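To start, the structure under review is shown below, and the notes come after it.
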Amino acid sequence: MITSSPSFLYEKDIPWEELGNGVSRQVMGFNQDLMMVKFRFIPGAVGAPHHHVHSQSAMVMSGVFELTINGEKKILSAGDGYFIEPGVEHSALCIEEGILVDAFNPSRTDFLGNQP
């Protein structure tokens, strides 16, 4: 399995992985300690409620989203951000098509799939 990304990353060279239900993901820079991922949503798409062992910090690159973190709902738009402690349940509902940029610590190795 690849343990780190190249130093320079070009969006056009990194495939988007279709996750279904109007959500896709593009894994950007990573090593074992840190990973940055872009998530693209169409209106009405949902990032289902979930939790994980990773710290997560993110920003809205474009669009409008309703984020729920630990039961609290807020509307966020381009330039806004959020932070999620490990183990805290969270979800996202896309109101206007957009992209979320997430950083995870440690890296989400589950997002690397079948890479050699």
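Structure notes:
- Residue within the stretch 72-82 that is of a type in the set (K, R) and either at pLDDT below 95 or within 16 Å of the chain's Cα centre (by Cα) (or both) present: no
- Boolean, H54 is modelled with pLDDT of 95 or more and either of a type in the set (D, E, K, R) or touching a Ser or Thr at 6+ places or on another chain (Cβ under 7 Å) (or both): no
- Residues located in the stretch 5-52, provided they are in contact (Cβ under 8 Å) with a residue 40 or more places away in the chain and of a type in the set (D, E): E17, D33
- Residue selected from the stretch 83-116 under the condition modelled with pLDDT of 95 or more and aromatic (F, W, Y), by the criterion farthest from S5 (Cα to Cα): F83
- Complete set of residues in the stretch 24-58 that are under 10 Å from the mean Cα position of the chain (by Cα) and within 20 Å of E89 (Cβ to Cβ): R25, V37, F39, G47, Q56, S57, A58
- Considering the stretch 53-84, and only residues there that are in a strand (DSSP E or B) and free of Cβ contacts under 8 Å to residues at least 24 places away in the same chain, the residue that is nearest to E96 (Cα to Cα) turns out to be S77.
- The stretch 85-116: number of residues that are surrounded by fewer than 17 Cβ atoms within 10 Å (Cβ to Cβ), assigned to a loop (DSSP other than H, G, I, E, B) and touching a residue at least 24 places away in the same chain (Cβ under 8 Å): 9
- Complete set of residues in the stretch 12-52 that are over 12 Å from S107 (Cβ atoms), assigned to a strand (DSSP E or B) and open to solvent by 70 Å² or more (accessible area, probe 1.4 Å): E17, E18, L19, R40, V46, P49, H50
- When M1 is tested against the conditions (1) at pLDDT below 95; (2) closer than 13 Å to C94 by Cα; (3) of a type in the set (A, V, I, L, M), the lone failure is (2).
The values are calculated or read from the model by the stated rules, or taken from the named source; none is laboratory data. What you see is a predicted model; the values in this text were computed from it and never measured. All Cβ positions, even for glycine, are placed from backbone atoms using ideal geometry, and neighbour counts span all protein chains on display. Note: accessible area is taken over every heavy atom of the protein model, side chains too, but ligands, DNA and RNA are not part of it. Shrake-Rupley method; radii C 1.70, N 1.55, O 1.52, S 1.80 Å.
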